[in-house]
Amino acid sequence: MSDDRPDHPDPELLARLVEDRPAVAGLTAGEFGGVATYLPGRRVRGVRIGPDTVEIAVVGRYPATVPKIDRQVRGAVARHVRHRVVHVHVADLALPGDPGPGDAVVPDAARTSREPAGATGPVHGARFPPAGPPGHPRVATTASPAQRIR
């Protein structure tokens with residue numbers, strides 16, 4: 001649904017256009033959920049429209065490069081954003097077989113004994129192979145950002 005102002009882009013249309021690009025696995029609201037447009041009764045994640053800017057946050061599809069993802073996103077929305085500057089955030093790259101953006105990440109405590117700790121990263125369900133024994137500093141965990149920074 002579009003705003004009543006004729007120059008205000010429709011966030012749902014922008015989201016559909018971006019999600020249809022081959023280099024984009026999906027939209028994401030970001031780690032703290034800040035890239036979103038709130039409409040009556042719903043939220044369009046991954047698209048935030050300001051007075052002079054449009055922010056679009058995506059998870060790219062590997063093997064696409066960040067410049068390729070950027071070009072595809074900007075090309076998809078260019079004629080709909082009019083005078084606004086477009087900021088594209090590539091938050092992650094999805095590998096084949098990864099869960100989609102927004103899929104729940106299973107905390108280590110809820111894993112079965114067959115799943116290695118750190119097999120799924122803390123952001124957007126990205127997969128990271130364990131880099132060492134449990135407790136090794138390079139093993140991906142689901143710790144909060146404050147706990148990860150040392």
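For GluC sites (Glu not before Pro), the sites in the stretch 1-86 that DSSP calls loop and that have at most 16 other Cβ atoms within 10 Å are Glu31.
Where does the charge balance sit around Asp70 when Lys and Arg score +1, Asp and Glu -1, over other residues with C-beta under 14 Å from its C-beta? With Lys, Arg at +1 and Asp, Glu at -1, the net is +4.
With the cut-off at 21 Å, report for the stretch 11-94 the share of all Cα pairs above it, as a whole percent. Intermediate values should be presented prior to the final figure.
On the way: 685 of 3486 pairs.
Above the 21 Å cut-off, the stretch 11-94 has 20 percent of its Cα pairs.
Here, each number is a calculation from the coordinates, and none is a lab measurement. The model shown is predicted, which means the values in this text are computed figures rather than measured ones. Here Cβ is always computed from backbone atoms with ideal geometry, including for glycine, and neighbour counts include all displayed protein chains.
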